[in-house]
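Presented below is the structure to which this report refers.
Bear in mind these aren't lab numbers, they're just calculated from the coordinates by the rules spelled out. Being a predicted model, the structure only gives us computed values, none of them experimental. For neighbour counting, all protein chains shown are included, and Cβ atoms are generated from backbone atoms with ideal geometry for every residue, glycine included.
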């Protein structure tokens, strides 16, 4: 299921650098009701209600996180991800 993630200025202001669960992208995903999103570099982990698994981090989102974590000024943006369905099992993190 494709989902549009919109990172707002408020997400950026409330986000915490270096924190998987509290970065601006995770906060934006939480606002959509996505359970326990953790942005971990090349993958995003989502919780059980979304089919628990790992989603490849889109290039623009990965760049955003890298810049945010190093203290650069970042702007609101949006991107799409394809959430797993609850019956899609993901056994391990992609490398």
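For segment 67-81 versus segment 15-44, the spacing of their alpha-carbon centroids is 12 Å. Note on 29, 40: ascending count of other Cβ atoms within 10 Å places them as 40, 29, the fewest first. For segment 1-51, what class follows from the C-alpha gyration tensor (a ≥ b ≥ c being the square roots of its eigenvalues): rounded when a/c is under 1.5, otherwise prolate if a/b is larger than b/c, else oblate? Taking the square roots of the gyration eigenvalues as a ≥ b ≥ c, segment 1-51 is oblate.
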